[in-house]
Number of protein chains: 2
Amino acid sequence: MATALKRDSAGLVAAIIQQFDTNEVLMLGWMDDEALHRTLTTGRVTFFSRSRQEYWRKGDTSGHVQYVKSVALDCDGDALLVRVDQVGAACHTGTRTCFDGRSLAAVTGERD
Amino acid sequence: MATALKRDSAGLVAAIIQQFDTNEVLMLGWMDDEALHRTLTTGRVTFFSRSRQEYWRKGDTSGHVQYVKSVALDCDGDALLVRVDQVGAACHTGTRTCFDGRSLAAVTGERD
């Protein structure tokens, strides 16, 4: 499976974290091979921090644990979709998701 | 707004694409400042291809257009959540999402 991963220049793939029952997108994190291995084998989500250059298991400090429900790799191997049961807030700022209240002004499109 | 973006070493941010009414995660693409600008101002999603090093507006070749419904930047500025109305298949392989049928074996976790 690791051979299917297409890592960036830092050896990382993007991991989209989604609440399994509501389909909310909670956050995006980064994983290297070891973080993915831990995520697949322990029932808890582990990331690799690009800023701190270290592993962190979500919830160890905050209590806001992510329990793994399923993991899928995308068609070209550079993104993961991790469906979880999120305890409490996913965002370190205290909001449920890392995108709440952070909309950008956008022109919308419509089907013809 | 561009000042809030935290780009990777290639000048890109990850863009999660989600169907606006079902909350399905469709795919993950990459945007630089110009791709984001086009996405915010035209009603159609434009990516920057890491492999081809060029812009591509989703659907121009396939017809599988993504109409923009909303765009949000995450708390630390390195990911975008773009909610769209996806025409047809999001994946170039013909599946609805780029993650369909691509699950990895994972141990699951449960709340206590």
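The values are calculated or read from the model by the stated rules, or taken from the named source; none is laboratory data. Since the structure is predicted, the reported quantities are computational estimates derived from the model, not experimental observations. Note: ideal-geometry Cβ built from the backbone for every residue, glycine included; neighbour counts use all protein chains shown. Surface accessibility is based on the protein's heavy atoms, side chains included, excluding ligands, DNA and RNA. Shrake-Rupley method; radii C 1.70, N 1.55, O 1.52, S 1.80 Å.
A:ASP32 label point (Cα plus 7 Å toward Cβ) to equivalent points in the other copies: 2.7 nm, shortest first. Among residues of chain B, the one whose Cβ lies closest to the rotation axis carrying chain B onto chain A, together with that distance rounded to whole Å, is B:ASN23, 2.
Compute the label-point distances linking B:ARG52 to its equivalents in the other copies; points lie 7 Å from Cα along Cα→Cβ; give nm, one decimal, shortest first. Relative to the other copies, B:ARG52 has label-point distances of 3.9 nm. Inter-chain Cβ neighbour count for B:93-105, averaged per residue, equals 5 (cutoff 10 Å, partner chain atoms only).
With the charge dipole of region A:63-112 set up from +1 on Lys and Arg Cβ and -1 on Asp and Glu Cβ about the Cα centre, the Cα lying farthest toward the positive end among the listed residues A:VAL71, A:CYS91, A:THR108 is that of A:CYS91. Ranked by the mean number of other Cβ atoms within 10 Å of their residues, highest first, the peptides A:92-103, A:39-50 fall in the order A:39-50, A:92-103. Taken residue by residue and averaged, Cβ atoms of other chains lying within 10 Å of the Cβ of B:18-28 number 4.
Expressed as a whole percentage, what fraction of the accessible surface of chain B belongs to carbon and sulfur atoms when a 1.4 Å probe is rolled over the protein heavy atoms? Of the solvent-accessible surface of chain B, carbon and sulfur hold 49 percent.
Helix-only arithmetic for the protein assembly as shown: the sum of -39500 (n - 2.57) across DSSP H runs with n ≥ 4, divided by the residue total, places the mean residue ellipticity at 222 nm at -2500 deg cm²/dmol.
Heavy-atom accessible area buried between chains A and B is around 4100 Å² (1.4 Å probe, both sides summed).
Take the Cα of A:THR22, go 7 Å toward its beta carbon, and the backbone nitrogen atoms of region B:80-112 under 19 Å from that spot belong to B:81-84, B:110-112.
Report, in whole Å, the centroid distance computed from the Cα atoms of region A:69-112 and region A:7-23. If we compute the Cα centre of each part, the gap is 9 Å. In this assembly of identical copies, the label point of A:PHE20 (Cα plus 7 Å along Cα-to-Cβ) is separated from its counterparts by 3.0 nm, sorted shortest first.
3J(HN,Hα) couplings calculated from phi for region A:15-26 with the Karplus curve 6.51 cos²θ - 1.76 cosθ + 1.60 (θ = phi - 60°) are, in sequence order, 10, 7, 10, 10, 5, 5, 9, 9, 6, 4, 7, 8 Hz; Gly and Pro show x.
The tail of the calculated P(r) for region A:2-86, taken as Cα-Cα distances beyond 19 Å, holds 30 percent of the pairs.
Averaged over the residues of A:40-50, the number of partner chain Cβ atoms lying within 10 Å of the residue Cβ comes to 2. Taking every alpha-carbon pair in the protein assembly as shown and binning the separations at 10 Å intervals from zero gives 8, 36, 39, 16, 1 percent.
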